[in-house]
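Contents: one structure, followed by commentary.
The values are calculated or read from the model by the stated rules, or taken from the named source; none is laboratory data. These figures come from a predicted structure and were not determined experimentally. Note that we place each Cβ from the backbone using ideal geometry, even for glycine, and neighbour counts take in every protein chain shown.
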Amino acid sequence: MKKFLNDPADFVDEMLEGIYRAHPQVTYVNDDKRCLVVAKPKAGKVGIATGGGSGHLPLFLGYVGDNMLDGCAVGGVFQSPSADQMHEVTKYIDQGAGVLYIYGNYTGDIINFDMAAELADIDGITVKQVIGNDDIASSVVGEEHKRRGVAGIFFVYKAAGAAAANGLSLDEVTRLADKARANVRTIGVALSSCVVPEIGHATFSVGEDEMEIGMGIHGEPGISRKKLAPADAVVDEMMERVFAELPAGKGDEFAVLVNGLGGTPKEELYILFRRVSQLFEARGSKVKYVWIGEFATAMEMAGASISVLKLDAELDPLVAAPVNTPFFAHYTA
Amino acid sequence: MDAIRADELIGLFQSWRDLFAAERDFLIALDGKVGDSDLGITMSKSFAAAYDTVAAEGAAAGLTKLLRSAGAIMAKTAPSTMGTLTATGFLRGAKALEGKDAIGTAEAAAFWRAYATGIAERGKAKLGDKTILDVLDPVAGVLEAQAASGAALAPAMAAAADEAEAALERTKTMKAQHGKAAVFQEQTVGLQDAGATVGVFLVKAMSGYVAG
């Protein structure tokens, strides 16, 4: 393992110290660096909180900023933060309009966010939840509630953030976030493993000439492991599964996110997007918004994921809205 | 004792604290067979914090406020799954007793029913999954029957404690479905579940306290 570390036990907290030094638009509450919040909350706005394990930057904390999220509870590498940390974030970001939790579908996160919501309820803060479950490789159609949340949560954040910035109520922000959630699908492919700093060796191994389609962002087993195919063939196989669930016909409009898992160069992501774009074009569908880069990583895992959001008249302007966060800025002309 | 009022509740938390301190190493060893050994630490820490909190707030805070404060501090102190579940139980129990200032047999039944339901919901567990629920659900059932027949709190809790022991024995035949123990499903047969053991301790301490 070659990593830039001091003591592996300090990995998360030293990362956070760097974040706070680099990005004064975020700060922390309760004297706990793992309770990250916007430095200047907007009065009267619905608060949006997220949270989850470390090891996925820019996910989750990287999207706390203008017109996106207001707070994030930060866990250890691939570990849930505590209910108490989530509760502290909740108290700070509530401006009287309630708080929406948006996070991925993982057992530890669910237990702790549920608990935090119960603690917030005692304080008189109304909390709603939308749980990302976009990873189509993690369970079959009909069992979507078992699917993990991965990079597609980016679109849920963006839709909810824009809705809250527009001054909508907690119920409306929740409805729109849930609509984005229901209309996004993601599929990933891994070429190599990740290394958890405190463990110090690869979580799993993928052969030199192999790929694993559908692997999770913590190394959870995927759908199939096979010989690495040419990029176009890999995209074709992945997108076939996406199109099976999100039909793309003539005139349909989409937003696409091609996400690097940490160890794959952007050049390769563009090679993948080239093919994704061709497939939409062949169907007469339009890719209206595109983001390519690292949005939800798994430490140094080589690989990529493709997230697709089906747009409609309601979601389109929310996805198009400008945002400015430490890890993601989107300006419009 | 035929009812637990705010004053006695503080004493009950002291009993729980003392019991979980005494059983800390036993629970660590039990959990270590199939889990990650943190259960004894979680329980002793969270009940120590709960007792300190309710003792500091004092009886004047009232029965349900004390239960709520205990749940909240437990969630803060021990952010492990079992700590969160135990905390949930106290918060839900507090809700079920809203407006009451004493726990008699009917209230004890309502408390443990809400406790068990809260844990089932939060932990997404069902009966037979080899969890604390497999102890607390039959305990609530016994207390409901005792309340229906008009039994006083002490004998009702004694019956509940007997049922808890019997229910724990029954978990030995079950296969673990949750947490780290689920990885060892087959090997868990024959072992008593660590979380279920916590359930027995909770009920037995309460029974012992009201008998005294």
Quiz item: Out of (1) at pLDDT 95 or above; (2) closer than 18 Å to B:G71 by Cα, the odd one out for B:I41 is which?
Solution: (1)
Practice problem: Check region A:111-129 and report whether any residue there is within 12 Å of another protein chain (Cβ to nearest Cβ) and touching a Phe, Trp or Tyr at 6+ places or on another chain (Cβ under 6 Å). | Solution: yes
Quiz item: Going by the structure shown, is B:L27 under 13 Å from the mean Cα position of the chain (by Cα), away from chain A (no Cβ under 14 Å) and closer than 14 Å to B:F201 by Cα?
Solution: no
Self-check item: Unmet requirement for A:S192, which otherwise passes all of (1) hydroxyl-bearing (S, T, Y); (2) surrounded by 20 or more Cβ atoms within 10 Å (Cβ to Cβ); (3) farther than 23 Å from A:S54 by Cβ
Solution: (3)
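Matching residues to (1) in contact (Cβ under 8 Å) with a residue 12 or more places away in the chain; (2) of a type in the set (D, E, K, R); (3) touching a helix residue (DSSP H, G or I) at 6+ places or on another chain (Cβ under 6 Å); (4) closer than 23 Å to A:I136 by Cβ:
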residue: A:L272; (1), (2), (3), (4): yes, no, yes, yes
residue: A:K288; (1), (2), (3), (4): yes, yes, no, yes
residue: A:A298; (1), (2), (3), (4): yes, no, no, yes
residue: A:G303; (1), (2), (3), (4): yes, no, no, yes
residue: A:V308; (1), (2), (3), (4): yes, no, yes, yes
residue: A:A313; (1), (2), (3), (4): no, no, no, no
residue: A:L318; (1), (2), (3), (4): yes, no, yes, yes
residue: A:A329; (1), (2), (3), (4): no, no, no, no
Exercise. Give region A:282-333 a look and list any residue that's hydroxyl-bearing (S, T, Y) and farther than 18 Å from A:K266 by Cα, or say none.
Key: A:S285, A:T325, A:Y331, A:T332
Quiz prompt | Residues within region B:174-212 that are modelled with pLDDT of 80 or more, within 16 Å of B:L27 (Cα to Cα) and small (G, A, S), tallied | solution = 5
Quiz item: Going by the conditions given, is A:T27 more than 14 Å from chain B (Cβ to nearest Cβ), farther than 20 Å from A:G262 by Cβ and surrounded by fewer than 19 Cβ atoms within 10 Å (Cβ to Cβ)?
Solution: yes
Practice problem: Of all residues in region B:41-85, count the ones that are within 17 Å of A:I122 (Cα to Cα), of a type in the set (A, V, I, L, M, F, W, C) and free of Cβ contacts under 8 Å to residues at least 24 places away in the same chain. | Solution: 2
Self-check item: Candidates B:G83, B:G71, B:G40, B:G99, filtered to the one that is farther than 18 Å from B:A160 by Cβ, outside any helix (DSSP H, G or I) and of a type in the set (G, A, S)
Solution: B:G99
Quiz item: Which residue, of B:A147, B:A160, is more than 24 Å from B:E23 (Cα to Cα) and surrounded by 14 or more Cβ atoms within 10 Å (Cβ to Cβ)?
Solution: B:A147
Exercise. Would you mind telling me which numbered condition in (1) within 14 Å of another protein chain (Cβ to nearest Cβ); (2) part of a helix (DSSP H, G or I) B:A108 fails?
Key: (1)
Practice problem: Please indicate, with yes or no, whether at least one residue in region A:133-145 is over 16 Å from the mean Cα position of the chain (by Cα), assigned to a loop (DSSP other than H, G, I, E, B) and over 29 Å from A:V77 (Cα atoms). | Solution: yes
Quiz item: Which one is surrounded by the most Cβ atoms within 10 Å (Cβ to Cβ) among residues in region A:259-287 that are over 20 Å from the mean Cα position of the chain (by Cα) and of a type in the set (D, E, K, R)?
Solution: A:R275
Quiz prompt | Test set (1) of a type outside the set (G, A, S); (2) within 16 Å of the chain's Cα centre (by Cα); (3) outside any strand (DSSP E or B) - A:I102 fails condition number | solution = (3)
Quiz item: Within region B:62-82, is there a residue that is surrounded by fewer than 20 Cβ atoms within 10 Å (Cβ to Cβ), under 16 Å from B:G195 (Cα atoms) and away from chain A (no Cβ under 12 Å)?
Solution: no
Quiz prompt | Extreme residue, modelled with the lowest pLDDT, among residues of region B:117-134 that are surrounded by 22 or more Cβ atoms within 10 Å (Cβ to Cβ) and among the β-branched types (V, I, T) | solution = B:T131
Quiz item: Do we find a residue being in contact with an Asp or Glu (Cβ under 9 Å, 6 or more places away or on another chain), within 14 Å of chain B (Cβ to nearest Cβ) and assigned to a loop (DSSP other than H, G, I, E, B) anywhere in region A:82-90?
Solution: no
Quiz prompt | Those residues of region A:143-200 which are among the hydrophobic types (A, V, I, L, M, F, W, C), over 25 Å from A:D94 (Cα atoms) and modelled with pLDDT of 95 or more, in sequence order | solution = A:V150, A:A151, A:A182, A:V184, A:I187, A:V189, A:A190, A:L191
Quiz item: Filtering region A:92-107 down to residues that are touching a strand residue (DSSP E or B) at 6+ places or on another chain (Cβ under 9 Å) and within 13 Å of A:D123 (Cβ to Cβ), which residue is surrounded by the fewest Cβ atoms within 10 Å (Cβ to Cβ)?
Solution: A:G98
Self-check item: A:S139 being surrounded by fewer than 18 Cβ atoms within 10 Å (Cβ to Cβ), in contact with a helix residue (DSSP H, G or I) (Cβ under 7 Å, 6 or more places away or on another chain) and more than 14 Å from chain B (Cβ to nearest Cβ)
Solution: yes
Quiz item: Do any residues in region A:50-72 that are part of a helix (DSSP H, G or I) have Cβ atoms under 6 Å from those of residues that are of a type in the set (F, W, Y) and surrounded by 24 or more Cβ atoms within 10 Å (Cβ to Cβ), where the two are at least six apart or on different chains, and which pairs are they?
Solution: A:Y63/A:Y157
